[in-house]
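Heads up, the thing below is written out as C-alpha cells.
None of the figures in this text is laboratory data; all of them are computed from the coordinates on show. Everything quoted here is computed from the prediction, not taken from an experiment. Here Cβ is always computed from backbone atoms with ideal geometry, including for glycine, and neighbour counts include all displayed protein chains.
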Amino acid sequence: MTSAAPGVPPGVSAEPGVPGRPGPGLSGLPEIPSDTPLAAARRLASRVITLCWVELRKIRHDRTELYTRAIQPALWLLIFGETFTRIHAIPTPGHIPYLAYLAPGILAQSALFIAIFYGIQIIWERDAGVLTKLMVTPTPRAALIRARPSPPGCARSSRPP
Amino acid sequence: MSPQPDASPVSGGGPVSESAVAVGHAGPADTAPGDSLTDGSTSGDSSGDSSGSAVRCAGLTYRFGDHVAVDRVDLEIGRGETFGLLGPNGAGKTTTIRMLTTLLKPAAGTVKVFGTEAAAYPMRVRRMIGYVPQLLSADATLTGQENVELFARLFDVPRQIRKQRVDGALAAMGLTEPSRRLVKTYSGGMIRRLELAQALVSAPRLLVLDEPTVGLDPIARSDVWDYIAGLRESAPITVLMTTHYMDEADTYCDRVSLMHAGSIRVTGTPGMLKAVLGSGATLDDVFRHYTGGTLDAETEKGGIRDVRRARRTARRLG
C-alpha cells in the first residue's frame, strides 16, 4: 500500500525508527525484566498471542486447509450422522438422535486431528529452520508448543461443518 | 528471479538504509535522541561490563557424543566490529554460533554477550541478538511484512512504534515494494534480505549471520553484502558471521578467526594474516595454510550434515 521508501529523497523522515541503530533502538524497547514468575508468565501469554496471530494470518492467506479440515467432520455428521439417525440402526442411550450422540465425538476428533497436524508442523518448521530462528528470540519454549494448535483449532472447530 | 529490480527503486542499498537509519536516530520514538550510542550501551547492560567486548567466550567446549565439535574456544569480539569465523565444513563454526545464540548449552566454558552470561540469562541474551541462520527460513506462507512484524512482536517492540519499525526495516533492506507479497514468490536474495530485516527490526546490538550468502548467485550475494555494509556504515552494530567465501571475509570483516577441527587456529585482521604468509598471499592461501593437509581426513565428520543442509537450501532456492 504505502510505498513510501522508494520515491522519498534521502533525509525526509519517511521511516523513522529504523532499526540497526543499537542505542536508541534498545532504549525504545522495554528492558527484559528480571526473570520473576510474573514477568515470565506475561511474556508467555504475549508470545502465545503473537504466535496465534501468525497462524491466523496464514489461514487468511490460504483457506484451502480450513476447507479440507472441515470436510471430514462434515462427512461424518452429514452422511453418517444423518443416515444412522434416520434408520435407527445403532442403539443410543436414552433414545437421543444418533446425530446428537455423534456430535461431541466428532468435535473431539477434529480437535485431536488438528492438534496432531500442528504438532507435525512444528517438525516441518524445525526442518525449515524457522523454529531455530524463533528459539533465538526471547520466546519461552512453552509458547512455541502451546500456540500452535490453539487458534486454528478454534477457528476450525468453531466453523459449522 | 534476479533481485536487482527490487533494489533499483531505492538506488542501491547503502544510501537509503543510511539515511533511513540516520532519520531513525533522531526519531520521535526514541527516548534519548541525544547521546544514543552511549545510551544504548549502558541501558542494555544489567551486569556492568567494563570489558567493552561484545562477545567473550572462554574455554568454550561442546561435544556430540565422543566427537569434540568445539574444543576450548576463546573468542573476543569488540563492540562495533565485524568479525568473521572461517573454517572448513565441520570445523565447529555453526556449533559455536549455536552456543552463542543460546541454542546449545556449552559442555564447558562460558559465553558472555555484552557482559551477560548466555547460559544463565538466555532471555536477556536473546533480546540483544539478531540471528540469521544458515538455512533460508522466512515463513513462505506469510507476506514479507508479516514476517518482519512477527519478529517485532516477539521482541516486544511497543505497539505505537511497531509499524514504523517494520516499515523501516523493510525499507532499509529494499523490500518495501514486495512487502505485501507472500514470501513464496521471493527470490533467494530477497529472502535473505527479508531475514536480515527480521533480525534488525528489534534493533539488536549483535547481529549473528551464519553463512549469509550460502546458495545465492553472485549478484544476490553482492547485493546482500551491500545492504549489510550500508547498515554497518550507519550504525555501530556488532556483526559476527561465518562464511566459506574468503573474498567476502577479506572485504567485509575487520577481524577473522580461522577454525579447524573445533579449535581456533589463528585470529587477526585479514591483512595481518595475509602478511604473515608473505606478499601476494590471499585469504584463500591463509585458509589452506592453517587447515590444509588434515582437511580431507577431518571433514567427513561434519560433512554429510552440511551437504544435506546445503542441498535443502538449494531446493528451497530452486
**Study point:** Label-point separation, residue B:272 to residue A:100 (7 Å along Cα→Cβ), nm
**Key:** 8.3 nm
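By the scheme Lys and Arg +1, Asp and Glu -1, what is the net charge of all other residues having a beta-carbon under 11 Å from that of residue B:247? It would help to have the intermediate numbers written out before the result.
Numbers: positive: B:221; negative: B:248, B:250, B:284.
Neighbour charge sum, excluding residue B:247 itself: -2.
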Check your understanding: Out of B:91, B:75, B:102, whose Cα points farthest toward the positive end of the dipole of the stretch B:60-105 (charges: +1 Lys, Arg; -1 Asp, Glu; placed on Cβ)?
Key -> B:102
Review point. Which of the pairs B:105/B:184; A:58/B:163; A:58/B:105 have their Cα atoms more than 31 Å apart in this structure?
Key: B:105/B:184; A:58/B:105
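Over the residues of the stretch A:37-157, compute the C-alpha Rg and express it relative to 2.2 N^0.38 Å.
Working: Rg = 18.7 Å, N = 121, 2.2 N^0.38 = 13.6 Å.
Against the compact-globule rule of thumb, the ratio is 1.37.
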Review point. What per residue convex hull volume, in Å³, comes out for the stretch B:111-169 when only alpha-carbon positions are used?
Key: 109 Å³
**Study point:** Separation of alpha-carbon centers, the stretch B:103-178 and the stretch A:43-98, rounded to whole Å
**Key:** 35 Å
Practice item. Would you mind checking which residues have amide H under 5 Å from residue B:108's amide H? H placed 1.01 Å from N; only 5 or more apart, or other chain. Key: B:61
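Assuming R0 = 25 Å, what is the FRET efficiency of residue A:74 and residue A:112, from their Cβ-Cβ distance, to the nearest 0.05? Write down the numbers at each step before the final one.
Details: r = 17 Å, r/R0 = 0.67.
Computed FRET efficiency for residue A:74 and residue A:112: 0.90.
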Practice item. State to the nearest 20 debye the size of the charge dipole of the stretch B:104-173 about its Cα centre, where the only charges are +1 on K and R beta carbons and -1 on D and E beta carbons. Key: 280 debye
Check your understanding: Alpha carbon centre of the stretch B:226-296 versus the stretch A:110-147: separation in Å?
Key -> 36 Å
Review point. What ³J(HN,Hα) values, in whole Hz, does the Karplus curve 6.51 cos²θ - 1.76 cosθ + 1.60 give for the stretch B:109-123 when θ = phi - 60°, with x put for Gly and Pro?
Key: x, 10, 10, 10, 10, 6, x, 9, 6, 5, 5, 7, 10, x, 4
Check your understanding: Dipole size in debye (nearest 20) for the stretch A:37-157 around its Cα centre, Lys and Arg Cβ +1, Asp and Glu Cβ -1?
Key -> 560 debye
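With contacts defined as alpha carbon pairs under 8 Å and 6 or more residues apart, what's the relative contact order of the stretch A:37-157 in percent? Working shown, then result.
Working: 79 pairs, mean separation 54.4, N = 121.
Relative contact order comes out at 45 percent.
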